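What follows is one structure encoded as structure tokens, with my remarks underneath.
The values are calculated or read from the model by the stated rules, or taken from the named source; none is laboratory data. Fair warning: this is a prediction, and the values are worked out from it, not measured in the lab. As a convention, Cβ positions derive from the backbone with ideal geometry for all residues, glycine included, and neighbour counts pool all protein chains shown.
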Amino acid sequence: MTKLVEWSDSLSVGIDEIDAQHRVLVNLVNEMHEAIEQGRGSEAVGAVLTRLGEYTRIHFAVEESLMRLLGYPDLERHKEEHAELMARLQELRQRFESGNSELDGDLMRLLKVWLTRHIMESDQQYTQFFVESGTSSRQRRRASRTRAWDHLHG
């Protein structure tokens with residue numbers, strides 16, 4: 001089974017926690033794709049969709065919290081993008097629960113395009129700001145691995 005979304009350096013924002021969360025989102029999208037492709041049924045697809053929605057909400061809260069802590073100037077616009085995706089996921093969830101048979105293709109297109117575009121465009125925009133605010137990135141540290149929150153502890 002081929003993956004719908006392959007993790008690559010182009011999806012990395014260079015901040016360990018955020019990249020780790022993005023990898024989980026990619027894995028969940030691939031798990032959803034696999035469940036649909038293998039015809040595992042609506043219960044299996046619904047379970048993955050639930051986990052995807054919950055994890056996306058958690059990821060957005062973490063990302064927005066970090067933006068707020070660092071004073072990211074484009075926080076409101078980024079939050080609007082997050083809210084838009086959550087609304088679309090909720091709409092897709094409602095369509096799925098109502099038995100809409102065309103959901104599979106729509107859902108996978110939305111997830112793949114939105115996830116990759118959001119990470120590669122919107123999320124990449126905050127990377128330089130985070131680095132300049134003291135958040136460690138992979139590019140700036142080769143020998144030691146630090147986390148995005150480390151600079152807040154003194």
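So here's what we get for this one:
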| read-out | value |
| --- | --- |
| Failed item, numbered, when Y126 is tested on (1) in a helix (DSSP H, G or I); (2) modelled with pLDDT of 80 or more; (3) surrounded by fewer than 17 Cβ atoms within 10 Å (Cβ to Cβ); (4) not hydrophobic (A, V, I, L, M, F, W, C) | (3) |
| Residue selected from segment 9-33 under the condition over 13 Å from the mean Cα position of the chain (by Cα) and of a type in the set (D, E), by the criterion modelled with the highest pLDDT | E31 |
| Test for R68: is it under 19 Å from R117 (Cβ atoms) and of a type in the set (K, R) | no |
| Pairs with Cβ under 6 Å, 6+ apart, first in segment 21-48 and touching a residue at least 24 places away in the same chain (Cβ under 8 Å), second of a type in the set (G, A, S) and part of a helix (DSSP H, G or I) | V45/A35 |
| Looking only at segment 1-35, and only at residues there that are among the acidic types (D, E) and under 19 Å from R57 (Cβ atoms), the one that is surrounded by the fewest Cβ atoms within 10 Å (Cβ to Cβ) | E17 |
